[in-house]
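Visitor: Pasting in a structure now, in structure tokens, and then I'll have a few things to ask.
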Amino acid sequence: FDASDIVLTDANGTLGTLTANADGKTWTATFTPTANVNDTTNTISVNLTGLTDTAGNAGVSTASSANYTVDTLRPTATITLADNALTVGETTTVTFAFSEPVNGFT
């Protein structure tokens, strides 16, 4: 088992170095999501056909993670003024339009 057995086609991210547990059954890696992605349909898969157990039995098919969400988009804003040529004593309405719902805007 190595990184080439892992399928990240639908992952929207990368995996760090694989580390094996002493039992040889559990492996871990750090997942880093791709920047500027908002996707609710992501999975990580393992191609089992290239693996064998200690008895020499070959793996079959693939195994996939549960679906997970990646949202690394950062909010952006567009600021518009109803009147962009003001003179003394005039006022105008300013509109702040965000790319997604935001909290903490005052």
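Visitor: Show the residues, 5+ positions off or on another chain, whose built amide H is closer than 5 Å to the amide H of Thr14.
Guide: Those qualifying (amide H under 5 Å, at least 5 residues apart or on another chain) are Thr32, Thr34.
Visitor: Charges at C-beta only: +1 for Lys and Arg, -1 for Asp and Glu. How large is the resulting dipole of the chain about its Cα centre, in Debye rounded to 20?
Guide: In total the dipole reaches around 120 debye.
Visitor: Which residue, Ala66, Ala55, Ala77, has the most motion in a Gaussian network model of the chain that connects Cα atoms within less than 10 Å?
Guide: Ala55
Visitor: Enumerate the amide H contacts of Asn42 below 5 Å, restricted to partners 5 or more residues apart or on another chain; note that Pro and chain-start residues carry no placed amide H.
Guide: Amide H to amide H, under 5 Å and 5 or more residues apart or across chains, Asn42 pairs with Tyr68.
Visitor: Along the charge dipole of the chain, which of Leu81, Thr92, Gly59 sits closest to the positive end, that is, farthest toward it, with unit charges on the beta carbon of Lys, Arg, Asp and Glu (+1, +1, -1, -1)?
Guide: The residue sitting farthest along the positive end of the dipole is Gly59.
Each value in this text was obtained by applying a stated rule to the coordinates, not by laboratory testing. Computed from a predicted model, the values in this text were never measured in an experiment. Every residue, glycine among them, receives a Cβ derived from its backbone with ideal geometry; neighbour counts consider all protein chains shown.
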